[in-house]
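S.K.: Below are the C-alpha cells for one structure; questions will follow.
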Amino acid sequence: MAEAILLAVSKIGAVILNQAVTDVVQKLSKIEALKELPTKVKRINVELTTMNNIILDLGTAHLSNNVIKGWIGNVRDLAYRVEDVIDKYSYEALKLKDEGFLQRYIFGGSRHIKVFSKIAEEIEDIEKDIMQIKELPKYWRDTVQPTNNDHAKIDKTRSGSCFPGLFSDEDLVGIDENRSKLTEWLSTDDKESSVITVSGMGGLGKTTLVKNVYDREKVNFPDTHAWIVVSQAYDVVDLLGSLLTKLRLTQGTQSPLSMDAKANVYDLTEAIRKTLQDRKCLIVLDDVWDKDAYTQMCNAFQGLQGSRVMITTRKEDVAALASPRRRLVLQPLGSAESFKLFCSRAFHNSPNCECLPELVTVAVDVVKKCHGLPLAIISAGSLLSTKQPTEYVWNQMSKQLRDEFKGDNNVQAILNLSYHDLSGDLRNCFLYSSLFPEDYAMSRESLVRLWVAEGFVMRKGNNTPEEVAEGNLMELIGRNMLEVVEWDELFRVSKCKMHDIVRDLALAVAKEERFGSASDSGEMVRMDKEVRRFSTSSGWTDSNTDARVEFPRLRTIMSLAASSSSTNMLSSVFSGSNYLTVLELQDSAIVEVPASIGNLFNLRYIGLRRTNVQSLPDTIEKLLNLETLDIKQTRVEKIPPGIVKIEKLRHLLADRFADEKQTEFRYFVGVEAPHMISNFQELQTLETVHASKDLSLELKKMRKLQTVWVDNINASNCDDLFKTLSDMPLLSSLLLSAYDENEKLSFLSLVPISKKLHRLIVRGGWADGTLKCPIFQGHGRNLKYLALSWCNLGKEDPLQLLASHLPALTYLSLNRVSSAAILVLSAGSFSKLKTLVLKCMPNVKQLDIEEGAIPHIDGIYIVSLVELNMVPRGIESLGTLKKLWMLGLHKDFKAQWNLNQMHNKMKHVPELRS
C-alpha cells in the first residue's frame, strides 16, 4: 500500500537534511527558473506524507474496493516518480559540489543549469499530478469513508483463528506427539501457575491443535476455563470484559461487575479475580501478536495455584513469554502425514479416504507443493475434491495450483494479514526477499547490504543502516515470514530463506504493487517496461541480443546462478535504465562488465561474486553513490585506481581463486590495495588486500572498519600491520594470511582494543610462543570463531593448549596443522563449542573425548586424517551431536568402526557420514 510513499518521503528527508545538497541548491536558486525548487521539494514531501496518512487511515478493509485500489495505485506511481526525481536531484547536487561549484562566481549557462532546469520541470509536472490525484476522492468520498478503529479491528481479526471451521476431526493429522506434550504440561502437578506458548508461521495449525487440547482438558478446570481471541488490533478492556463474561457463563453466575458501567482495567481485573476465587483456571489467548496484550491482562489470573495460560502466536517475542520448557514450536508436517491429510479432504467420499491408484503420482506432486502446511494442504485437497477424479484433470489443476494459491483463498488471507501488519519499511524488505530464487538460502550480510542500497532502511539514532536492517531481518524471522537456515558463531542468523508458498504469494503482491517480479524464463524483451525490480535464475535468453531494451524505472537486476548472460543485453539495459540501484549477478555466466556501467549514477550495489569477470572498467570511478562492491572469487586481479574517488563505499570484497581444489597454501589471493585507500572513510568491510608498509599507514585513518582480511603478510611488515589493526575500535572479524606456509609470523603486537573482535582466521606459520601472545591470552575470552591452517605446532596438542584460553569459542577449525599424535578434549573443555573441524592433520593417530567435554557440540567434521586408525574414544557419549563426518581416514578405521558397532551406538546422530 503505502510503502512506495514511505520510501520516497524518506529520500526527500535525507536530501533536505544533507547540508551539501542544500548549499548547492541554495546557490542555484539565484537563477530565476530555479528559485522555487527547494520549496517545491518540501511541499511535495508534505503532500506525500498526507497521502500516506490517508491510506493508513483507510486500513485494509477497503482494499477490495476497486475505486480505492485504483486511487492508491495512482499515489504509488506518483511516489515512484518522486523517488526517481529525488535520486537525480541529490546526485546532480553532490556532483556539482565535488566539481567545486560552490567556489565559482560565474555559473550561468553550464550543463548543470540545464539539468536542474529539467528537474524543476519534472517537479512542476509532479505538483500538477498531485493536485489531480487530490481531487479524485471527491468522486467516492460520499460512498467510502476511512475505517474507524472498530472496522480495523474486524479486519485485523481475520487470521488463523478465523479458520478453525476449515479443520474437522479427520484433519487432525500428525498432532499426537504435540497434543501429548501439551496435555502433559497442562496436567502436571506443578502448583505454580504457568504459561505455555505454541508458535509458528501462519497455516501450521496452531489454533487447531490448541483448540483440540482445550476441548479435551477443560473438564479438568471446571467452571474456570475460557478461550479469548486477541488478534492484532485489541483493546485490553474489551479482552478483560470478554474473559469475565465467558467465566460467568461457564459458572452460570452473575457478573460481580455491572457490564453496563464504564469498566476499566482495574475494576475488570478485580472482578475476574473474585470470580475465580483462587481456583486454578485454564485460559487460552489465541492469535497474540503483541506480548503487551498478555502483560496487561495477566494480573487477573496470574499467581493462581495450578493455573495454565496457553498462547498461540506467530511471533517469537510473544512465544518467549513461556519458559523454554513450556514452548512448543510447530513444524510443517512430514510427507506421509501431509499425504494422509490431503486424502482426507480430496477423497472424503471414498472408503477410508484412499487415493485412487491412477492419481497417486499427481497427488504426491500436489502435496509436495504445499510443503507440509496444513492449511495449504486442506485448501488444495478441498479444491481437488470438486474436480473430476481423472489423471488429466488433476494434472491440469496441479499446474494451476500455484496460481490458485495467489487467488482469493485462505492461504492468501493468512499471508495478507501477516503482510499488512508490517510497517512500510518491513514490507519493502519482505517483498525484496521474494526476488531470490525458490528455496534460495539468503545470507544475512547480502540481504542487509541490498536493503541498505535500496534505501529501505535509514540510520536510526546511533545505529548504522546495517544495524537497522539486521533488526528488520530479525523482525521478519520473528513473525515467521522468513525461516532460519543457519546460525553463525554469535548465534546471529547466517542464512535464511522464504517458504515456497509464502514466496509465491509475496511475488503476487509484488507484482500487483509494481514492486518487482521474478521470472525463470529471463525473457527481458517481454517484460513490463515499467518494472522496477527484476530477478531471474536462468539468464537472459532473448534470441535477438541486438534488440534495445529500455526499463526507465528499473532499480534492481538480480540474476543468480544464471547459465547464460548476454553482455550486449546488459549494455542495452544499462543504456535504458538510468536509475539502476542494484546489479546482482552472483554465480552467473557474465564474463565482462560494459564500460557504460559508469553512467549509472544511482548504482549502489555491484555483486559479481563467483563469476568469470576478469577486470572492471575504469569508468567505475564515476559511480559516486556506490556502497558495495563484491568481486570475491572472480578473476579480477587489479582494482581500477580511480575507485578511491567513491567516498561512500562501505563494503569492498575482492579476491580470486588461484587453486580451486584448495590444495595449495595460497588457494585464494587478494588484490593490491588501491593507492590512497584511506579515502574510503565509510568503509566497514575490506576483504582481501595484500599487506604492505603503505597499507598499515592507510588503515590507521579508516576508523569504521569492522571486517579486515589481509594476505601476503611477511615477518618484516607484520609488526606495523598488527599494531594498526589493534587500534581499530570496531574491529569484529580478522583474517591474517602469511606470504607462504614457511613464513613465521609473530603475534606479539596484535593487542586489539576492540572487545567486538570475535572471529579470527590465521593462515601460515607461527613464531614460537604464539599461544602466549595477548590475542590468545587476554583477548581469547572474546573469541567465538577460530580457524587455524598451515601452522606447525611441533608435538603440541592444540586442543589442550587452546581450551584454557578460549572459553567462549563456538567454532574451531584446524586445517593442515602439524601437532601431537594424540589429541585430547579434556573434561569441561570448550563448554560452548558447537562446531569442530579437524582436517588434513598428518600426525594425528588418536582422538580422546573425555566425559564432560564439548557438552553442546552440534557438528564434528574429521576429514583426511590419514593416520587416524581408531574410533575417537567417548564420541558415542555426545548426546547433542547432530552431524558427524568421518571421511578420508586410515585404511583400518572402517574395520574398527564396524567392529565396535558404532552405527548402532550413534543412532542418535541424524547426519552420519563415515
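S.K.: Could you name the lysines in cross-link range of K661, using Cα to Cα under 20 Å and dropping any fewer than eight places away on the same chain?
M.R.: Correct list for K661: K632, K839.
S.K.: Where a Cα-Cα gap under 19 Å defines reach, which aspartates and glutamates qualify for K756, not counting those fewer than 8 residues away within the same chain?
M.R.: Filter leaves E445, E466, E467, E470, D488, E489, E682, E687, D727.
S.K.: Could you work out the relative contact order of the chain? I mean the mean sequence separation of Cα pairs under 8 Å and 6+ apart, divided by the number of residues, in percent.
M.R.: 5 percent
S.K.: Could you tally the net charge around G874, taking each other residue with its Cβ under 10 Å from the Cβ of G874, Lys/Arg +1 and Asp/Glu -1?
M.R.: Local net charge: -3.
S.K.: Separate question: How large is ³J(HN,Hα) for each residue in segment 322-334, as worked out from phi by the Karplus curve 6.51 cos²θ - 1.76 cosθ + 1.60 (θ = phi - 60°), to whole Hz, x for Gly and Pro?
M.R.: Rounded to whole hertz, the list is 8, 5, x, 6, 10, 10, 10, 9, 6, 10, x, 5, x.
S.K.: Once you have the alpha carbon radius of gyration of segment 793-913, what is it after dividing by 2.2 N^0.38 Å, with N set to its residue count?
M.R.: Dividing the Cα radius of gyration by 2.2 N^0.38 Å gives 0.98.
S.K.: Follow-up question, since we're still on this one. Provide the net charge surrounding M498, with neighbours chosen by a C-beta distance below 11 Å and charges set as Lys +1, Arg +1, Asp -1, Glu -1.
M.R.: Charge balance near M498 sits at -3.
S.K.: Read phi for every residue in segment 36-48 and hand back ³J(HN,Hα) as whole Hz from Karplus 6.51 cos²θ - 1.76 cosθ + 1.60, θ = phi - 60°, with x for Gly and Pro.
M.R.: Listing the rounded values in order: 8, 4, x, 5, 5, 4, 5, 5, 4, 4, 5, 5, 5 Hz.
S.K.: While we're here: Step through the table entries K744/K834; K700/K744; K701/K832, compare each Cα-Cα distance with 32 Å, and write down the pairs that go over it.
M.R.: Table pairs above 32 Å Cα-Cα are K701/K832.
S.K.: Further question: Take the residue pairs K35/K648; K795/K845; K246/K315 and return only those whose Cα atoms are more than 18 Å apart.
M.R.: K35/K648; K246/K315
S.K.: Hey, what's segment 175-329 come to in accessible area per residue, 1.4 Å probe, Å²?
M.R.: For segment 175-329, the per-residue accessible area is 45 Å².
S.K.: Considering only DSSP beta bridges where both residues belong to the chain, give the percentage that are antiparallel (nearest 5).
M.R.: 10 percent
S.K.: Considering only the other residues whose Cβ falls under 15 Å of the Cβ of G765, what net charge follows from Lys and Arg at +1 and Asp and Glu at -1?
M.R.: Its environment carries a net charge of -2.
S.K.: Taking the Cα centre of segment 658-787 as origin and charging only Cβ (+1 Lys, Arg; -1 Asp, Glu), how large is the dipole, in debye to the nearest 20?
M.R.: 780 debye
S.K.: Taking the Kirkwood radius as the inverse of the mean 1/r across Cα pairs, report the Rg/Rh of segment 424-508.
M.R.: 0.95
S.K.: Continuing with this model, one more query. Taking only C-alpha pairs under 8 Å that are 6+ residues apart, what is the relative contact order of segment 605-649 in percent?
M.R.: 50 percent
S.K.: So, with a 1.4 angstrom probe, what is the percent of accessible area on the chain that is carbon and sulfur?
M.R.: The value for the chain is 49 percent carbon and sulfur by accessible area.
S.K.: About the Cα centre of the chain, how large is the charge dipole given +1 on each Lys and Arg Cβ and -1 on each Asp and Glu Cβ? Please answer in debye to the nearest 20.
M.R.: Roughly 1100 debye for the chain.
S.K.: Further question on the same structure: Between V67 and D317, what is the label-point separation in nm under the 7 Å Cα-to-beta-carbon projection?
M.R.: 3.9 nm
S.K.: Then there is this: Over 32 Å between Cα atoms, which of K368/K529; K11/K69; K27/K128 qualify?
M.R.: Too far apart for the 32 Å limit: K368/K529.
S.K.: Let me ask another. Decide, for segment 293-339, between rounded, prolate and oblate: order the square roots of the alpha carbon gyration tensor eigenvalues as a ≥ b ≥ c, take rounded if a/c falls under 1.5, and otherwise choose prolate if a/b is larger than b/c, else oblate.
M.R.: Because a/c hits 1.5 or more and a/b exceeds b/c, segment 293-339 counts as prolate.
S.K.: Looking at S746, L321, L240, which one has the Cα that reaches farthest to the positive end of the dipole of the chain (charges on Cβ: Lys, Arg +1; Asp, Glu -1)?
M.R.: Of the candidates, S746 comes out farthest on the positive side.
S.K.: Give me the aspartates and glutamates in straight-line cross-link reach of K399: C-alpha distance below 17 Å, same-chain residues under 8 apart excluded.
M.R.: Within the straight-line limit of under 17 Å, K399 reaches these aspartates and glutamates: D365, E391, E438, D500, D504, D520.
The values are calculated or read from the model by the stated rules, or taken from the named source; none is laboratory data. Here the structure is a predicted model, which is why all the values come from computation and not from measurement. Using ideal geometry, Cβ is built from the backbone for each residue, glycine included, and neighbour counts are taken over all protein chains shown. In case anyone asks, the SASA skips ligands and DNA or RNA and just uses the protein heavy atoms, side chains included. Shrake-Rupley method; radii C 1.70, N 1.55, O 1.52, S 1.80 Å.
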